[in-house]
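Let me begin by presenting the structure, written as structure tokens, before commenting on it.
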Amino acid sequence: MSQATIPWIEPVPEKRVAMRRKALLVLFGGGLTALIVGCVMLGVFRALPDQVGTIVFILAGVLPILGGLGLIPLGLLNGSVVLTTLGFAQIGIGALVGGLLKATPIDPLVVGVLLLVIGPIAAGLAMLTAAGVIVAFKQVVQLLLMRWTALILFCGGIVSIILLVWAHAFVFRYVAQLANDTTLNTSATTTFGGDLTIAELSTRFSGNWRPVAFVLWPLQFGLIRDLIAMGGVIGFISIIPLYTIWWERKVAGRIQSRLGPMRVGGWHGWAQSFADGMKLICKEDFVPPEGDGTLFRLAPYLAFVPAICAFIALPFATTYVFRDLDVALLFILAMLGIEVLGVIIAGWASNNKWSVYGAMREACQMVSYEIPMGMALLVPVMTAGALRLTDIAKLQQDGFGSWLAWNNPFCLIAFFCYYTASLASCKRAPFDLPESESELVAGFHTEYSGFRWSLFFFAEYAAMFAVSGLAVILFLGAWYGPLPLSWAPAGNDIASAVVRGLLFDGPILFILKCGLLLYVQIWIRWTLPRIRIDQVLYACIQVLLPLTMLVVLGSTFWLLFDNSAHPAFESFAKVVRGLLSLVGVVISIAIAGFIIFGFVNRRRLVGTLAIEHFPGS
Amino acid sequence: MADTVLESRPDLNLDVVRDEIGDVRTEEMLVNMGPQHPSTHGVLRIVLRTDGEMVLEAVPHIGYLHRCAEKIGENVAPYQYIPYTDRMDYLAGMNNNLAFSLAIEALTGLEVPKRAQVIRVIFAEMNRIASHLVSMGAYGLDMGAFTPFLYAFRERERILDLFEASCGARLTYSYITIGGVTDDVPERFIDVCREYLDYFEPKIAEYNNLLSFNHIFVKRTANVGIISAEKAINWGLSGPSLRGSGVKWDLRKVHPDCGYDEYDFDIPVGQGLKGQLGDCWDRYFVRIQEMQQSVRIVRQALDKLAGTPGEYKHKSGKSVKLPKDEIYYEIEGARGQLGFFIQGDGSQIPYRVKARGPSYCNLSITNEVVKDCLLADVPAIIGSIDVVMGEVDR
């Protein structure tokens, strides 16, 4: 059925179609022009290396002013406001850049290359990409719906992300190497405090390779590197929720005797979350007119940004950490604590009674779960004697028996206390009171829709991953496998690196362990009913809190005696540790057995598509 | 008259209690729960007066689904009115059909063939199971457990398949009609139905493991919304809501029609197993037990059906003339005593039709029970009373 035959869908007006075409032309034309300008400028800089300062000054300062002076009369004559404004803007920009260049001691060469070569090329590429995306949008959607194309795109995406990360790491390492190179590095420093000046770099890259020096120069600054790495972190934690949501829906479907998403993307609806995300972004931007608009817009970010920040300090493996803080644990807990603020503000700003209820419940819940959660985490911290997560992880590299969860009985109890409290901190069932939809409609996000709503979900799933990651690092052997690290092949070849990465040490093991804990969270959510707010307070303050206090106390005494000064107790502790490890092994095998049994008998157990049971079918 | 000022928008917050304790100002809040609320089971609107999470008062407002069903009944012949009864308690259409048909038959003295009576019992009980399944699943949903709902619907789906095979409809059946049923059961019905019962009965234990005896579920429902036996009778409750309070009263036993006296079954009542007698859990569990009893009845009825050949319908069901008389006839529907008052004037069309929906009477106790409980208990209580708004508003 074509659009015109559906009476309630208005056809796109002719005028808008023409406007879209024009916008596309501007994008294409602008992109190409910018690219050409960038290339020409590159040539100019390579050809005229001497009077660079003057050229930059003329190009960045004088030319725009001249252009602006030309545009203003044109705009005035035509009566075009846009042209006139553009003219004035050009004069302003020219004056600003020229003034900056004259007033500050910035190396004009650097500014020139950044401004006149890299800037236009980047802008041109961006515009061309945008134009291409617009043109290919329909085709892209079609592609996503096909089975193998989707998978290839997905795998290609992952491979290219890995290559990109690897390339960045390589470049960073190379720049650091250059900075340490005594033949290259003289005592001169740049005006920004970096070790390498352009002149020093230029000695390494002479002739035709000279522009590389300009690109490498900014990369020696921590700020620039952090910005690039933050992009990676944001990208990664955008991927986590997308796939956790899809996985949760699949698991929920299986538990509930359904199939879950099956269509989008072909293979088991793997692209469902992408499609949903696209839909959410396209939705109406609604702000309740009676609510507090500013706070309403702010709240999702207050929930989302702390969730990203938690990942800054969360290590995925010994070297796979953005900032290896020595108070990483405190930092992550503090960041996850801020997330609550977003929820409370969202509830308040929505001007909806149900939202206020949700917000108040979140506040209530937070004061009750935060303390037992922190106390439970104290136990492994005391056992390890460190707050730096990589140090705590290092203690657990001697195989399954050295994992902190079975270090002493109190650690095991603390693990369960922490896991319960972490469910509450992620607002997951049975602690999903702030959004309990059967009581509070949708709780704090009743009034939210579209992209802002999805930000809350991103925050929730990112937080789920973060608390699972903490549990894995503090209790379940971090990124080390169940076999001692000393057994790992030590070779430098690819085969032993792969074996090490898959079986002994590395981010893949870490993500797998986190996935297991996430799975348990999902499992609990789709099995248990929700508890009442007074029961949450009771459970957290009257049960969990005294229990964790007891555990902390017991753990203190255990550590007091578990050392070489008390040989009798030390040997007793060893026996206990062995027994607890056995318990751990049994639990792990039981869970794995459950999962395998459930997967093998998935159709019989939950009766997927009840048709199978229907007589006569 | 000039003094009377008519307010177009009365200030609802006029009598809200505001208080100041030290520097903390507290205020009661009026919250609209419904008509578009996920756990008010349709279009029930309850105005809650709350103090924080405490509910001080709950006033149910009804009428959002009013379709003049009774008035329509005074304009059409009885057999034409059967489809309208389907739309009252849309989760238990068979029982509604049955109540109206029995009322008309009692008024006109129509004899129903033996086979039709057995078929009626089978379908009424199967529909009771389907209705209780929805009730159970939705109650789990109210408590935040999603999965039992899907399981309940999975089982209900197959009951609906059986109904569809018999009458072509899955929700509004109009199968039981005046003088019998519209059609005989299809071939192999007895075998398929028995197969289903064998499949379904063990599932009840599964629901109990998953939901009924779940610690959190018990904590949420036991000792919540307690209705004493005396209170239940005074407020005119009926059905599982009444039996949940420990009152052994079931019209299938009290004045058996359709030959219910020939079947062997028990009346489950609340026993205060997990908390006080008459709490939400008791009312919920009575439904679970009733499903088991219904399975028992259907099994016996299937045996009976195999040995009862003959007509499935009285020939003159469509052309009954109502005498100048009136009758009030009640049966035990899925939600309680479902009654029809019919007044004839000698023509084919009734002079007056009035329905007594059990949900309507059961709902009236809401404010009495909901008073002084927590906000989260409101869905628990409403869900345990199990109202269907189509029947409340008619």
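The values are calculated or read from the model by the stated rules, or taken from the named source; none is laboratory data. Predicted model only: the values in this text are computed from it and were never measured. Every residue, glycine among them, receives a Cβ derived from its backbone with ideal geometry; neighbour counts consider all protein chains shown. Protein only, heavy atoms only, side chains kept; ligands, DNA and RNA dropped before computing areas. Shrake-Rupley method; radii C 1.70, N 1.55, O 1.52, S 1.80 Å.
Quick notes on this structure:
- Within 10 Å of each Cβ in B:36-43, the average number of Cβ atoms from other chains: 3
- Accessible surface of chain B, 1.4 Å probe, proportion on carbon and sulfur as whole %: 52
- Per-residue ellipticity at 222 nm computed for the protein assembly as shown from its helices equals -19000 deg cm²/dmol, with DSSP H segments shorter than 4 residues left out and the rest contributing -39,500 (n - 2.57).
- Unit charges at the beta carbon, dipole of the range A:290-555: most positive-side option, A:293, A:473, A:310: A:473
- Mean partner shielding of peptide A:426-439, defined as the number of other chain Cβ atoms within 10 Å of each residue Cβ, is 4.
- Using the 1.4 Å probe convention, the accessible area of the range A:290-555 works out to 35 Å² per residue with neighbouring protein chains retained.
- Hits among lysines - C-alpha to C-alpha of residue B:313 under 23 Å, sequence gap 8 or more where chains match: B:114, B:304, B:321
- Positive minus negative residues near residue B:184 (Lys, Arg vs Asp, Glu; Cβ under 12 Å): -1
- Sequence ranges B:171-177, A:14-20, ranked by mean other-Cβ count within 10 angstrom, highest first: B:171-177, A:14-20
- Model label zone, residue B:306; criterion: amide N under 13 Å from point 7 Å along Cα-to-beta-carbon; scope the range B:178-213: B:188-195
- Sequence-distant aspartates and glutamates (8 or more away, or on other chains) whose Cα lies within less than 17 Å of residue B:315: B:105, B:111, B:183, B:184
- Packing-based order for A:359-369, A:575-585, using average beta carbon neighbours within 10 Å, highest first: A:359-369, A:575-585
- Residue ranges A:67-76, A:470-479 sort as A:470-479, A:67-76 when ordered by packing (mean number of other C-beta atoms within 10 Å per residue, highest first).
- Scattering curve values for the protein assembly as shown, log₁₀ I(q)/I(0), Debye with Cα scatterers, q = 0.04, 0.05, 0.07 Å⁻¹: -0.30, -0.46, -0.83
- Annotation: amide H-H contacts under 5 Å for residue B:333 (H modelled 1.01 Å from N, sequence separation of 5 or more, or interchain): B:338.
- Cα gyration tensor shape for the range A:438-570, rounded if a/c is under 1.5, else prolate or oblate: oblate
- Nonlocal amide H pairs with residue B:47, under 5 Å, H built at 1.01 Å: B:33, B:59, B:61
- Helix runs (DSSP H) in chain B reaching 24 Å along axis by Cα, Kyte-Doolittle at least -1.0: B:114-142, B:147-167, B:189-207, B:280-306
- The mean number of partner chain beta-carbon atoms within 10 angstrom of a residue's beta-carbon across peptide A:530-537 is 5.
- Estimated buried accessible area (total), pair B and A, 1.4 Å, Å² to nearest 100: 3200
- Cα gyration tensor, chain B - rounded (a/c under 1.5), prolate or oblate: oblate
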